Amino acid sequence: MSTDELRERALASLHRIGAAVPEGTGLHARSPITGENLFALRATTAEETERAIGEAAEAFRTWRTTPAPVRGELVRTLGDLLRAHKSDLADLITIEAGKIRSEALGEVQEMIDICDFAVGLSRQLYGRTIASERPGHRLAETWHPLGVVGVVSAFNFPAAVWSWNTAIALVCGDAVVWKPSELTPLVSLAASHLLDRALEQTGAPRELHRLLLGGRETGELLVDDPRVSLVSATGSTRMGREIGPRVAARFGRVLLELGGNNATVVAPSADLDLALQGIVFAAAGTAGQRCTTLRRLIVHRDIADQLVERLAAAYGRLPIGDPFDEGTLVGPLITGTAADAMATALERAQAEGGKIVAGGRRVGTNSGAYVEPAIVRMPKQTGVVREETFAPILYVLTYDTFEQAVALQNDVPQGLSSSIFTRDQQEAERFLAADGSDCGIANVNIGTSGAEIGGAFGGEKETGGGRESGSDAWRAYMRRATNTINYSSALALAQNVSFL
Ligand code: UN1
């Protein structure tokens with residue numbers, strides 16, 4: 001598709017959604033499909049950012065006492081609008097993030113799913129009643145809305161990550177100020193406008209959600225503002241390393257979802273057909289640009305040659321190109337810089353003893369950054385393997401004993417996702433045990449990516465420790481109050497302390 005066609009298609013989607021393009025200066029909407037700019041956009045100014053946070057803080061004051069199931073109505077309406085505009089939003093995701101159609105639709109489905117989850121949650125923000133040690137006393141905990149949640153999101157899931165945070169934050173009674181990636185402003189304008197429509201339809205305060213379009217300085221204003229109670233940030237470990245201490249310095253809360261360096265172990269008993277499919281999707285899908293992308297394959301020595309050969313053959317058949325073309329499985333990398341980083345990593349891998357057995361070349365004729373997903377056999381887990389390069393490179397390592405496989409899986413600084421392909425139940429369970437995988441996500445007979453929203457999503461070590469999305473991740477978006485209620489006429493002190 002040409003840049004003109006992409007522009008038209010983007011405008012048509014935005015128009016159906018009802019969102020306007022704020023033309024001006026400071027920011028560009030662009031498409032990795034052609035690598036060219038689509039529109040010049042007006043960035044949010046520092047004063048506007050300041051005001052937006054103030055407005056959100058003000059809207060929070062009424063929202064926090066709106067009954068949670070009523071708050072759920074807002075999110076239900078957002079879910080309905082997402083269903084109605086699924087295709088439009090998916091188009092914008094393809095245009096700005098370069099995802100193939102099925103993955104772009106999948107991203108919007110993830111948003112719909114989290115809205116459904118959050119609506120149910122709006123009637124389940126349970127606290128506990130706890131046995132008191134004193135007669136005539138009751139102990140309870142109450143979950144209260146937290147405040148303004150600052151959401152910082154990345155280009156690769158330009159809408160879903162926002163929705164995980166926003167749907168949950170809104171039912172929890174919070175307000176949201178969103179600073180999306182500057183690479184995906186149109187997706188954020190569209191998603192934000194759908195929420196504006198839901199706010200209007202349900203009569204909720206419009207200021208409950210504010211969108212900030214801008215770069216690093218805008219993000220910094222959000223991160224440093226004491227009115228922002230929680231900063232939920234998704235992105236690189238480098239970014240998290242900066243944000244974490246800044247928010248901690250003002251005693252704010254952070255929820256970090258940072259880099260991954262995800263591994264799959266393939267045991268000798270594995271169903272190799274199943275493993276093959278799981279590996280190719282996890283490693284080459286989304287052009288290797290998921291935080292859950294499979295980056296390290298740890299294969300038993302006895303099956304390594306056979307598996308690598310089959311993988312290389314499958315890689316050779318992967319259709320690479322315009323994600324709008326039917327049949328394309330691998331779209332472009334987000335920028336030329338990402339392609340350069342991939343080339344540099346491949347050079348380093350070779351210098352560290354690696355051998356490229358599939359792909360790795362840049363392809364395509366326009367200025368989009370199209371690359372062949374690469375497979376590199378490594379003699380050991382060298383420096384480059386231990387780093388996250390946000391591109392489709394799959395490093396293959398071999399192992400002899402299960403203990404070695406687990407040690408290799410865990411011996412990287414990141415701890416997001418992991419999996420094992422095996423038919424040996426003991427091995428599977430050992431991989432999931434306390435001394436097995438050290439990641440936030442550990443799977444069996446499935447790849448590392450493509451988690452469902454029902455579980456808590458996030459990881460350990462340099463991945464940042466935060467959990468978003470399902471399970472009880474909502475607790476990060478609320479504050480807990482412990483209540484002691486004395487319904488007797490005597491004042492009994494805890495721990496049998498006597499006084500007076
Ligand atoms: C991300 O890449 O930041 O598990 C999120 C997955 C998706 C979410 C990825 N559900 O791959």
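Work out the charge dipole of the range 262-444 with +1 on the Cβ of Lys and Arg and -1 on the Cβ of Asp and Glu about the Cα centre, then indicate which of ILE441, VAL308, ALA338 is farthest towards its positive end.
It is ALA338.
Leaving ligands and nucleic acids out of the surface, order PHE499, PHE60, PHE390 by accessible area at 1.4 Å, largest first. List each step's numbers first, then the result.
Working: PHE499 160, PHE60 25, PHE390 60 Å².
In descending accessible area the options line up as PHE499, PHE390, PHE60.
How far apart, in nm, are the 7 Å Cα→Cβ label points at GLN124 and THR66?
Calculated label separation equals 2.2 nm.
Can you compute the FRET efficiency between LEU11 and ASP472 using 1/(1 + (r/R0)^6), with r the Cβ-Cβ distance and R0 = 60 Å? Round to the nearest 0.05. Write out the running numbers ahead of the final one.
Working: r = 41 Å, r/R0 = 0.69.
Efficiency at R0 = 60 Å is approximately 0.90.
Using the Cα atoms of the chain to build a convex hull, what is its mean projected area in square nanometres? Spell out each step's value before the answer.
Details: hull surface 105.0 nm².
Result: a mean projected hull area of 26.3 nm².
Mind giving me the nanometre distance, one decimal, between the label points for LEU493 and ALA46, set 7 Å out from Cα along Cα→Cβ?
It works out to 5.3 nm between the two label points.
What FRET efficiency would be calculated for the residue pair ASP411, LEU500, taking the C-beta separation as r and a Förster radius of 60 Å, to the nearest 0.05? Show your work: numbers first, answer last.
Working: r = 60 Å, r/R0 = 1.00.
Rounded to the nearest 0.05, the efficiency is 0.50.
Scan the range 353-392 for trypsin sites (Lys or Arg not before Pro) in coil per DSSP, keeping those whose Cβ has at most 12 other Cβ atoms within 10 Å, and list them by number.
Working: sites: LYS355, ARG361, ARG362, ARG377, LYS380, ARG386; in loops: ARG361, LYS380, ARG386.
Counting only loop positions with at most 12 other Cβ atoms within 10 Å, the trypsin sites (Lys or Arg not before Pro) in the range 353-392 are ARG361, LYS380.
Based on DSSP H runs of at least 4 residues, each adding -39500 (n - 2.57), what is the mean residue ellipticity at 222 nm of the chain after dividing by all its residues, to the nearest 500 deg cm²/dmol? Write out the running numbers ahead of the final one.
Numbers: 14 runs with 197 residues, N = 500.
Roughly -12500 deg cm²/dmol at 222 nm, from the helical runs in the chain.
Setting aside same-chain residues fewer than 8 positions from LYS355, which lysines have a Cα under 22 Å from its Cα?
The reachable lysines, counting only those whose Cα sits under 22 Å from LYS355, are LYS380.
Would you work out the relative contact order for the range 113-225, in percent, from Cα pairs under 8 angstrom that are 6 or more residues apart? Mind showing how you got there, number by number?
On the way: 141 pairs, mean separation 27.0, N = 113.
Relative contact order comes out at 24 percent.
Compute the longest continuous run of the chain that contains no exposed GluC sites (Glu not before Pro); treat a site as exposed when its DSSP state is not H, G, I, E or B and it has at most 11 other Cβ atoms within 10 Å.
Maximal segment without exposed cleavage sites: 134-325.
Could you work out how far the C-alpha centroid of the range 136-161 sits from that of the range 348-382, in angstrom?
So the separation of the two Cα centres works out to 40 Å.
Using a Cα-Cα cut-off of under 22 Å, which lysines could be cross-linked to LYS99, ignoring same-chain neighbours fewer than 8 residues away?
Within the straight-line cut-off, LYS99 pairs with LYS86, LYS179.
Please go through the range 414-471 and write out the trypsin sites (Lys or Arg not before Pro) that DSSP classes as loop and that have at most 15 other C-beta atoms within 10 Å.
Values: sites: ARG423, ARG430, LYS461, ARG467; in loops: ARG423, ARG467.
Passing both the DSSP loop test and the Cβ count: ARG423.
Taking a virtual spin label 7 Å from the Cα of GLN404 along the C-beta vector, which residues in the range 368-384 bring their backbone nitrogen under 13 Å of it?
379-381
What is the helix-to-structure angle for 86-97, meaning the angle in degrees between its Cα long axis and the longest Cα principal axis of the chain, kept from 0 to 90 and rounded to the nearest 10?
With both axes taken from Cα atoms, the answer is about 60 degrees.
Testing the spin-label approximation: label points 7 Å from Cα along Cα→Cβ at HIS137 and ARG241. State their distance in nm.
4.7
Hand me the trypsin sites (Lys or Arg not before Pro) from the range 247-340 located in a DSSP loop with no more than 13 other Cβ atoms within 10 Å, in residue order please.
Working: sites: ARG250, ARG253, ARG290, ARG295, ARG296, ARG301, ARG310, ARG317; in loops: ARG250, ARG290, ARG317.
Hits after loop and neighbour filter: ARG250, ARG317.
In the chain, what percentage of the DSSP-assigned beta bridges are antiparallel, given to the nearest 5?
Working: 28 of 69 bridges.
Antiparallel bridges: around 40 percent, rounded to the nearest 5.
Taking the Cα centre as origin and putting +1 on Lys and Arg beta-carbons and -1 on Asp and Glu beta-carbons, what dipole magnitude results for the range 262-444, to the nearest 20 debye?
Values: 15 positive and 22 negative charges, 82 e Å.
Dipole about the Cα centre, nearest 20: 400 debye.
By how many degrees, between 0 and 90 and to the nearest 10, does the Cα long axis of helix 3-17 differ from the longest principal axis of the chain?
30
Only Cα pairs under 8 Å and at least 6 apart count here; give the relative contact order of the chain as a rounded whole percent. Present the calculation step by step, with values, prior to reporting the outcome.
Values: 1115 pairs, mean separation 88.9, N = 500.
Relative contact order comes out at 18 percent.
Helix 101-121: angle to the longest alpha-carbon principal axis of the chain, degrees 0 to 90, nearest 10?
20
When all C-alpha to C-alpha distances in the range 311-358 are sorted into bins of 5 Å, what percent of pairs does each bin hold, rounded to whole numbers?
Answer for the range 311-358: a P(r) of 5, 18, 16, 21, 25, 10, 4, 1 percent.
Can you give the convex hull volume per residue for the Cα atoms of the range 71-176, as a whole number of Å³?
Working: hull volume 11.9 nm³, N = 106.
So the per-residue hull volume is 112 Å³.
For q values of 0.14, 0.16 Å⁻¹, compute log₁₀ I(q)/I(0) with the Debye formula on a Cα-only model of the range 262-444, without solvent.
Relative scattering, expressed as log10 I(q)/I(0), comes to -0.71, -0.92.
Could you compute the FRET efficiency for SER269 and ARG83, with r as their C-beta to C-beta distance and R0 at 60 Å, rounded to 0.05?
Working: r = 42 Å, r/R0 = 0.70.
Here the calculated transfer efficiency is 0.90.
The values are calculated or read from the model by the stated rules, or taken from the named source; none is laboratory data. Everything numeric in this text was worked out from a predicted model, so none of it was measured. All Cβ positions, even for glycine, are placed from backbone atoms using ideal geometry, and neighbour counts span all protein chains on display. Note: areas computed on protein heavy atoms with side chains; ligands, DNA, RNA excluded. Shrake-Rupley method; radii C 1.70, N 1.55, O 1.52, S 1.80 Å.
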